[in-house]
1. Modelled label-to-label distance, Thr87 and Val74, 7 Å Cα→beta-carbon offset: nm?
2. Run the dipole for the chain about the Cα centre, Lys and Arg Cβ at +1, Asp and Glu Cβ at -1, nothing else charged, and hand back the magnitude in debye, nearest 20.
3. Out of the total accessible area of the chain (probe 1.4 Å, heavy atoms of protein only), what percent is carbon and sulfur?
4. Taking the chain as a Gaussian network, where each spring joins two C-alpha atoms under 10 Å apart, which residue of Thr75, Thr62, Thr53 fluctuates the most?
5. Students often get this wrong, so try it: which of (1) 44, 25, 23; (2) 37, 28, 18; (3) 28, 26, 22 is Cα extents along the principal axes in Å as calculated from the structure shown?
6. With the contact rule set at Cα under 8 Å and sequence spacing of 6 or more, what percent relative contact order holds for the chain?
7. Which whole-number value in Å² is the accessible area per residue of the chain, probe 1.4 Å?
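The values are calculated or read from the model by the stated rules, or taken from the named source; none is laboratory data. Values in this document were obtained by computation on a predicted structure and should not be read as measured data. Using ideal geometry, Cβ is built from the backbone for each residue, glycine included, and neighbour counts are taken over all protein chains shown. The protein model used for the area step is the full one, side chains on, heavy atoms only, and it has no ligands, DNA or RNA in it. Shrake-Rupley method; radii C 1.70, N 1.55, O 1.52, S 1.80 Å.
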Amino acid sequence: MNGFLKLGTNLSIINKNAFYNCVGLSGELIIPQNVTLIDDSSFENCTNINLLTINGITQLRTNCFKNCNKISYVTFNNLKSTFNDNTAFIGGT
């Protein structure tokens with residue numbers, strides 16, 4: 001997948017390891033407003049995502065974007081919570 005991925009509006013949770021090691025996922029990733037949880041390692045090692053937009057999230061779990069080292073810009077819209085876990089983006093740039 002190259003270019004742009006916008007997840008469906010019926011999605012509320014991105015499960016643990018859902019896209020783990022999905023290096024074919026590249027370009028821009030948009031997490032829709034109704035997603036409340038991005039679980040552990042959901043996008044870990046997705047090394048080709050370069051833009052990330054997260055809308056309305058309440059929970060980012062451990063290592064959910066670990067080693068996504070090409071992400072150059074992250075936008076949080078309508079943030080509904082604060083995040084105490086500083087490992088969500090560990091290994092990034």
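1. For Thr87 paired with Val74, the spin-label model returns 1.5 nm.
2. Values: 6 positive and 5 negative charges, 15 e Å.
It comes to approximately 80 debye.
3. Numbers: 2380 of 4910 Å².
C and S atoms contribute 48 percent here.
4. Thr75
5. (3)
6. Numbers: 272 pairs, mean separation 22.9, N = 93.
Value for the chain: 25 percent.
7. On the way: 4910 Å² over 93 residues.
That works out to 53 Å² for each residue.
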